[in-house]
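Please read the structure below before turning to the comments.
The values are calculated or read from the model by the stated rules, or taken from the named source; none is laboratory data. None of the values given here were measured: they were computed from a predicted structure. As a convention, Cβ positions derive from the backbone with ideal geometry for all residues, glycine included, and neighbour counts pool all protein chains shown.
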Amino acid sequence: MEIQRTASLLGTPGSMESLEKQLSCPICLEMFTKPVVILPCQHNLCRGCASDLYDSRNPYRFSGGVFRCPTCRFEVVLDRHGVHGLQRNLLVENIIDIYKQQQEGGGGGGTLETSIKPKSSKEPMCQEHEDEKINIYCVTHQIPTCSMCKVFGQHKDCEVSPLTNIYQAQKGELSNAIDTLVAENGRLQALLNQMEDACTAIQENSQHAKQKLGERFDSLYAALEERKNTLLERIGKEQDEKVAALRSLARRYGDHLQTATELTETAVRALEQSGAAEFLQASKNLIAQTKDTAKSSLAEERPEPCFERMDHFTLDTEHVETLLSKMDFGGDDDEEYEDAEDEEE
């Protein structure tokens, strides 16, 4: 009913002026070119003009964005389909078709023809027939051509169709392909975002794993250092004990040597005395002291053989080195330790 009423009003001059504004695109200021989209604010735009305006301000249109109506400045939040996600205004498109039919039939008194001109476009001409416009479509070869080519030319035996029919069909097919491509672009963008998030998570998890590994190795270093200090303390303790024993024995040897030396000097001086009576008075006691001193020699008090050796403190770390060299992630250290012990046996 609305379309019929509009068609009846096209013939009245008063209505033509009002219709003139409604069929004008606020972006290109010319007649709407189908498909026509309608915004939530109820203003209409050529989808091509709206797409050009949106792409100029939103390079990544598949990611969604904000579109501002050029008429009322109302902001519309678009989804990942961008302008192609807006609803088509079929009513306006039908009105445009009625207007064009009126123009072709000479209706409308020329009021709309002089006020609203369709977008100018230079129609292509046939290369074989320079005076003929391309006005039909060869379905067989899938190329546009002219009527002369169909009647006399290379397409006379081909199946043809009106150019407008194929134009609308392929334009709709391209529009659907664009919608599919936009949807696929949105899916790819989502995958890219997921991959970027995964890269960030990998970096954070890797940093956390490195920190934990460093802490574990620091614990190993601390345990090794503590054990090292304990073993060094044992070596030092035995060193001090052996050195103290040897020095005590050396002091006793020195004292005995000094006593024996002094006794030897006394005995030599006694031998040098010329008086027999005087010698005999001291010789008996001196002889006894000399014999006792000689018998009480400390030569038998010696350190045990190899007393100075410290090689019993040799540390066998081969099995530990084997275990450490096979240390890996996964918690299989116990099994590897048992395997290392089995290899040693």
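Side notes on the structure shown:
- Residues that are more than 21 Å from MET125 (Cα to Cα) and hydrophobic (A, V, I, L, M, F, W, C) within segment 147-195 comprise ALA169, LEU174, ALA177, ILE178, LEU181, VAL182, ALA183, LEU188, ALA190, LEU191, LEU192, MET195, listed in sequence order.
- In segment 282-299, the residues that are modelled with pLDDT under 75 and either touching a strand residue (DSSP E or B) at 6+ places or on another chain (Cβ under 6 Å) or exposed (fewer than 11 other Cβ atoms within 10 Å of the Cβ) (or both): SER296, ALA299
- The number of residues in segment 81-103 being in contact with a helix residue (DSSP H, G or I) (Cβ under 7 Å, 6 or more places away or on another chain) and either polar (S, T, N, Q) or outside the structural domain of THR33 (by TED's automatic domain parsing) (or both) comes to 2.
- Residues of segment 123-137 that are within 12 Å of SER147 (Cβ to Cβ) and of a type outside the set (A, V, I, L, M): CYS126, GLU128, HIS129, ASP131, GLU132, LYS133, ASN135, TYR137.
- All positions within segment 281-296 that are over 17 Å from LEU257 (Cα atoms) and among the polar types (S, T, N, Q): GLN281, SER283, ASN285
- Yes/no for PHE217 being among the aromatic types (Phe, Trp, Tyr), over 30 Å from GLU321 (Cβ atoms) and assigned to a helix (DSSP H, G or I): no
- Those strands (runs of 3 or more DSSP E) of segment 1-97 in which at least 2 residues are at pLDDT 80 or above and closer than 24 Å to THR180 by Cα, considering only elements entirely within it, cover 36-38, 44-46, 75-78.
- For segment 132-169, the candidate set comprises residues that are among the basic types (Lys, Arg) and farther than 24 Å from GLN101 by Cα; within that set, the residue that is modelled with the lowest pLDDT is LYS150.
- Of the residues in segment 196-207, none is surrounded by 11 or more Cβ atoms within 10 Å (Cβ to Cβ) and part of a helix (DSSP H, G or I).
- Of all the residues in segment 104-131, those that are crowded, with 16+ Cβ neighbours inside 10 Å and at pLDDT 70 or above number 2.
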